[in-house]
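Below is one structure; the comments refer to it alone.
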Amino acid sequence: GQMLGEARRENLKPSSGAKEGDDLIMTKTAALEATAIIAFDREEELKAHFPEDIIRRAQRYLHDPGISVLKEANLLAGIAGVHAFHDPTEGGIATAVFEIAEASDLGAVVYDDRIPVTEETRALCNHYGVDPLGAFASGSLLIAVSPQESRNVLDRLASANIAATEIGNMVKRQKGLKLIREAQSLPLPVFLQDELSRLFG
């Protein structure tokens, strides 16, 4: 299948549009779609290990907060300081950061402790040995935005009841892709095969 859409040229925010120094903002939380998939597909198995309310909440992620990013994209498309959008899917948030950096010929620094992971996601992913940073992340939007506009972007999203977090920034390509975890600078993991393949591969 194929879908085509129209947009004003000034509202185009391609993944290749990020600029050095941009802040990197993500909406919602990591591994939204992956969490729902696990909760639906392994429901009976999970009931032996988790309260039913955790499983039900995880299943509702498909609709609340949902896996569409249309609302936030429409809300921010007209802001000149927003340079790039990228919708993480297979390979999760970490791979999406790699993809936006690669498309823009840049590097990136991401802070692990800033990436929001819900209780349900952490519990279900830990149970199956799945890294939330590398699992299906539909529902989140990555936004590369100039530091001068970051507060405006976060405020607009908050006013629309869309959770958003600044997780890092774009840097020169020569600086590479880094994940800052517990004060250590590590190579950003890139998941060429989605983490859910551990369950369904």
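Sequence-ordered 3J(HN,Hα) estimates for the stretch 169-177 from the Karplus curve with 6.51, -1.76 and 1.60 and θ = phi - 60° stand at 7, 8, 10, 4, 4, 5, 7, x, 10 Hz, glycine and proline given as x. Candidates Cys125, Ser104, Tyr61 compared by Cα position along the dipole of the chain: farthest toward the positive end lies Ser104, with charges placed on Cβ. The trypsin sites (Lys or Arg not before Pro) of the stretch 38-114 that meet both conditions, a loop assignment by DSSP and at most 12 other Cβ atoms within 10 Å of the site Cβ, are Lys47.
The long axis of helix 32-41 is offset from the longest Cα principal axis of the chain by roughly 20 degrees. Taking Lys and Arg as +1 and Asp and Glu as -1, the other residues whose beta-carbon sits under 15 Å from that of Val171 total -1. Compared with the dominant Cα axis of the chain, that is its longest principal axis, helix 119-128 is turned about 60°. Comparing Cα centroids, the stretch 1-30 and the stretch 45-119 end up 14 angstrom apart. Decide, for the stretch 133-201, between rounded, prolate and oblate: order the square roots of the alpha carbon gyration tensor eigenvalues as a ≥ b ≥ c, take rounded if a/c falls under 1.5, and otherwise choose prolate if a/b is larger than b/c, else oblate. Oblate shape, in that a/c is at least 1.5 and b/c is the bigger or equal ratio. When the C-alpha to C-alpha distance is required to be over 20 Å, the pairs from Lys71/Lys172; Lys71/Lys178; Lys19/Lys172; Lys28/Lys175; Lys28/Lys172 that qualify are Lys71/Lys172; Lys71/Lys178; Lys28/Lys175; Lys28/Lys172. The ellipsoid equivalent to the alpha-carbon distribution of the chain has semi-axes of 28, 19, 15 angstrom, derived from the gyration tensor eigenvalues as √(5λ) and listed largest first.
Each value in this text was obtained by applying a stated rule to the coordinates, not by laboratory testing. Just so it is clear, the structure is predicted and the values come from calculations on it, not from any experiment. Don't worry about glycine lacking a Cβ; one is built from the backbone with ideal geometry, like all the others, and counts go over all protein chains shown.
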